[in-house]
1. Does the stretch 28-67 hold any residues that are touching a Ser or Thr at 6+ places or on another chain (Cβ under 8 Å) and at pLDDT 95 or above, and which are they?
2. Can we say Leu45 is open to solvent by less than 90 Å² (accessible area, probe 1.4 Å) and part of a helix (DSSP H, G or I)?
3. Would you please name the residue that is modelled with the lowest pLDDT, looking only at residues in the stretch 1-27 that are more than 14 Å from the chain's Cα centre (by Cα) and basic (Lys, Arg)?
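The values are calculated or read from the model by the stated rules, or taken from the named source; none is laboratory data. Source: prediction; values computed, not measured. Every residue, glycine among them, receives a Cβ derived from its backbone with ideal geometry; neighbour counts consider all protein chains shown. Protein only, heavy atoms only, side chains kept; ligands, DNA and RNA dropped before computing areas. Shrake-Rupley method; radii C 1.70, N 1.55, O 1.52, S 1.80 Å.
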Amino acid sequence: MEENNEKNPRRTWDLMIGIALVIFGSLRLYNRLQNDQEWGFRAILTISFVLYGAFLIFRHFKNSSKD
């Protein structure tokens, strides 16, 4: 039971980080689309951060349903 209490704050932080990555990354991609800029390395990096944030959110809800 002590181990479960130690992991709970980490999962909460992962959820908050995931939400922040998805929101800020989506805003950056939206601004890039509005300005008709090139899709280069920075855009691909932003998409990867958005996908990683979505993965963190997915993992949080998948693990919380098991508990």
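1. Matches in the stretch 28-67: Val50 only.
2. On the way: open to solvent by less than 90 Å² (accessible area, probe 1.4 Å): yes; part of a helix (DSSP H, G or I): yes.
For Leu45, the condition - open to solvent by less than 90 Å² (accessible area, probe 1.4 Å) and part of a helix (DSSP H, G or I) - is met.
3. Restricting attention to the stretch 1-27, the residues satisfying the condition of being more than 14 Å from the chain's Cα centre (by Cα) are 1-10.
Checking the rest, the ones that are also basic (Lys, Arg) come to 7, 10.
On the way: Lys7: 63, Arg10: 81.
Checked the stretch 1-27; the qualifying residue modelled with the lowest pLDDT is Lys7.
Quick grid of which residues meet (1) touching a helix residue (DSSP H, G or I) at 6+ places or on another chain (Cβ under 9 Å); (2) surrounded by 10 or more Cβ atoms within 10 Å (Cβ to Cβ); (3) on the phi < 0 side of the Ramachandran plot:
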{"residue": "Phe24", "(1), (2), (3)": "yes, yes, yes"}
{"residue": "Leu27", "(1), (2), (3)": "no, yes, yes"}
{"residue": "Gly40", "(1), (2), (3)": "no, no, yes"}
{"residue": "Phe58", "(1), (2), (3)": "yes, yes, yes"}
